[in-house]
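This report refers to the structure that appears directly beneath it.
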Amino acid sequence: MAAIEISHVSKIFNDKTRNSDVVALDDITVSVARNQFLCLLGPSGCGKSTLLNMIAGFEQPSSGTIAVDGQPVMAPGADRGVVFQHANLMPWLPVWENVAFHLLLSGSQKGERRARAQGFIDMVGLTGFENHYPSELSGGMNQRVGIARALLMNPQVILMDEPFGALDEQTRMDMQTELVRIWQQHQGTIVFVTHGIDEALTLGTHVAVMSARPGRIREIIPIDLPRPRDITSPQFNALKRHILALLRGERAPSPLEVVNQ
Amino acid sequence: MSAIAHIRKLDRTLVPILVLAGWEAFSRSGALPAALLPAPSTVIWAWADWVFGTDGNTQTYSGHWLIDMAASLSRVAAGFAIATLFGVALGVAIGWSRATEIVIEPTLQMLRPIPPVSWIPLAIIWFGIANKPAIFLVFLGAFFPILLNTIHGVKGCDRNLIRAGAMVGGSERKLLRYIVVPAALPSIFAGLRIGIGSAWMLTVTAEMVAVKSGLGYVLWDSYYFLRYDLVLAAMASIGLLGFLSDLAIRMVMARVLHWQRNTTLRGGA
């Protein structure tokens with residue numbers, strides 16, 4: 001059974017002030033296998049974040065169905081860990097409490113929470129920062145906390161919405177390496193939204209290239225380059241050229257950009 | 001640099017000292033009859049007797065200060081506690097649920113512009129001359145700032161934090177308890193600080209009219225007996241207690257909101 005089954009999903013936003021409908025996603029059908037690392041790649045406004053939000057349960061499809069592990073998605077839940085574009089940590093809680101936030105809400109004792117958090121803090125390389133507050137950490141470190149928080153729930157799938165978008169180039173490359181390491185070590189299904197071609201090709205086992213107006217999947221490309229991936233290799237460039245050709249012509253400013261925010 | 005540091009060190013005490021010295025000099029100059037504007041030294045003399053019973057110059061109030069202070073303080077504490085309880089609970093309900101807001105808020109917004117002191121006649125006929133009307137007025141005065149600031153704080157809670165909470169599997173009740181209320185705390189504390197100021201204002205007003213004890217009663221009673229030194233001592237006592245209760249709230253706030261230390265508290269008081 002596929003980890004995520006998206007069948008014939010459409011999303012239509014109603015523009016109330018203009019009384020018109022905007023088709024954000026049109027008849028999307030994707031099947032994500034267990035342990036697959038799928039990157040959703042597309043220009044802004046192609047509905048890739050909307051699709052992710054619907055898998056997470058934050059939004060509902062206008063038509064079609066989404067199932068995770070055979071269960072139809074009705075609402076957000078701990079079986080799907082989300083890593084947000086901005087870490088969205090609780091600023092009043094120290095790092096370890098944020099990592100174990102799932103356990104706090106499910107009523108675990110402090111000692112257990114602290115112990116469970118430590119393993120994941122070590123895994124994302126934040127040992128020694130357990131008692132720091134989010135405001136005392138850099139953007140990259142906050143994202144690591146967000147990743148550790150999602151991993152601790154031991155979810156069926158992890159959904160990541162441009163988690164490294166706000167980071168500088170160097171930090172982003174470090175985080176990509178880390179993420180691949182964690183994914184290999186942890187095993188799991190990841191859906192990763194990005195608008196960076198290099199990022200998608202560096203991370204994914206598959207890249208779904210999307211087009212905008214209306215949002216559709218153009219092609220799902222399996223990436224079987226060896227890891228760690230060499231972003232200067234001829235094979236990498238060949239794939240990049242292919243994706244660029246797919247994306248070309250999608251650059252015109254889209255009315256959906258407003259909707260997608 | 002050192003000159004500025006010097007002024008920094010001085011500036012907290014400089015103005016009060018100058019004011020007191022000028023006032024003392026003016027009172028002793030005889031421009032006004034001494035009884036109408038008692039000098040600070042006279043006020044301190046009366047205050048000392050009121051507090052410690054030094055020479056009995058305040059007659060029946062000699063050594064009575066602690067009891068008067070405790071009477072006022074207990075009214076403030078009771079009214080403020082009730083206002084905090086209702087203000088925060090109702091504020092969270094209104095801020096969180098649109099339905100509650102539609103049902104309750106218009107009524108509250110109509111009651112809000114009515115000055116709490118205008119309730120005094122009704123408070124007296126409902127509760128008589130005792131603690132209850134004063135506590136009722138304190139409640140009215142502190143309730144609205146706490147309520148409005150709580151609503152503001154709850155509504156200002158970042159939607160993305162709530163999403164993050166829903167993602168880790170929180171029920172609505174848990175999201176309120178672990179995300180919305182903590183996120184609203186800075187705003188709630190702002191409401192509490194405004195509320196404690198109103199609380200003292202209304203305690204003293206109530207004691208002048210509807211109660212026969214407390215600092216406000218001593219103040220008004222001394223006015224009838226032309227003891228303006230005692231009036232001023234009572235005013236100073238109220239100012240001191242108001243300052244101390246605000247300080248207490250600020251200390252609790254600094255503890256509870258210690259995670260904010262790097263962002264907001266440093267520049268403030």
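The values are calculated or read from the model by the stated rules, or taken from the named source; none is laboratory data. Just so it is clear, the structure is predicted and the values come from calculations on it, not from any experiment. Quick reminder, even Gly has a Cβ in these numbers, built from the backbone with ideal geometry, and neighbours come from all protein chains shown.
I'd like the residue in region A:155-183 that is surrounded by fewer than 16 Cβ atoms within 10 Å (Cβ to Cβ) and under 15 Å from the mean Cα position of the chain (by Cα) and, out of all such residues, is farthest from A:G204 (Cα to Cα). Taking the candidates together, the pick is A:A166. Per the conditions (1) within 12 Å of chain B (Cβ to nearest Cβ); (2) modelled with pLDDT under 95, the sole criterion not satisfied by A:G47 is (1). Taking the conditions (1) in contact with a strand residue (DSSP E or B) (Cβ under 9 Å, 6 or more places away or on another chain); (2) small (G, A, S); (3) touching a residue at least 60 places away in the same chain (Cβ under 8 Å); (4) within 26 Å of B:C157 (Cα to Cα) in turn, A:A78 satisfies each one other than (1).
Scanning region A:81-101 for residues that are in contact with a strand residue (DSSP E or B) (Cβ under 8 Å, 6 or more places away or on another chain), within 8 Å of chain B (Cβ to nearest Cβ) and not in a loop (DSSP other than H, G, I, E, B) yields a count of 2. Within region B:244-269, being at pLDDT below 95 and under 26 Å from B:L20 (Cα atoms) holds for one residue alone: B:A269.
From the set of residues in region A:65-80 that are part of a loop (DSSP other than H, G, I, E, B) and away from every other protein chain (no Cβ under 14 Å), which is nearest to the chain's Cα centre (by Cα)?
In the first step, residues of region A:65-80 are kept if they are part of a loop (DSSP other than H, G, I, E, B); the result is A:69-70, A:73-79.
Now drop any that are not away from every other protein chain (no Cβ under 14 Å), which leaves A:69-70.
Numbers: A:D69: 17, A:G70: 20 Å.
Checked region A:65-80; the qualifying residue nearest to the chain's Cα centre (by Cα) is A:D69.
Residue by residue, here is whether (1) over 15 Å from the mean Cα position of the chain (by Cα); (2) crowded, with 22+ Cβ neighbours inside 10 Å; (3) closer than 11 Å to B:D68 by Cβ; (4) of a type in the set (D, E) holds:
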| residue | (1), (2), (3), (4) |
| --- | --- |
| B:G216 | no, yes, yes, no |
| B:Y223 | yes, no, no, no |
| B:D229 | yes, yes, no, yes |
| B:L240 | no, no, no, no |
| B:F243 | no, no, no, no |
| B:M251 | no, no, no, no |
| B:A254 | yes, no, no, no |
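Of the residues making up region B:167-212, those that are away from chain A (no Cβ under 14 Å) and without any contact (Cβ under 8 Å) to a residue 24 or more places away in the chain number 1. Here A:S31 meets the list (1) free of Cβ contacts under 8 Å to residues at least 60 places away in the same chain; (2) assigned to a strand (DSSP E or B); (3) farther than 19 Å from A:P155 by Cβ almost entirely, failing just condition (3).
Does region B:181-188 contain any residue that is part of a helix (DSSP H, G or I), within 17 Å of the chain's Cα centre (by Cα), under 29 Å from A:L93 (Cα atoms) and of a type in the set (S, T, N, Q)? Break it down stepwise before answering.
In the first step, residues of region B:181-188 are kept if they are part of a helix (DSSP H, G or I); the result is B:181-188.
Cutting the leftovers down to within 17 Å of the chain's Cα centre (by Cα) gives us B:187-188.
Applying the additional criterion that residues be under 29 Å from A:L93 (Cα atoms) yields B:187-188.
If we keep only those that are of a type in the set (S, T, N, Q) as well, we get B:187.
Scanning region B:181-188 turns up at least one residue that is part of a helix (DSSP H, G or I), within 17 Å of the chain's Cα centre (by Cα), under 29 Å from A:L93 (Cα atoms) and of a type in the set (S, T, N, Q).
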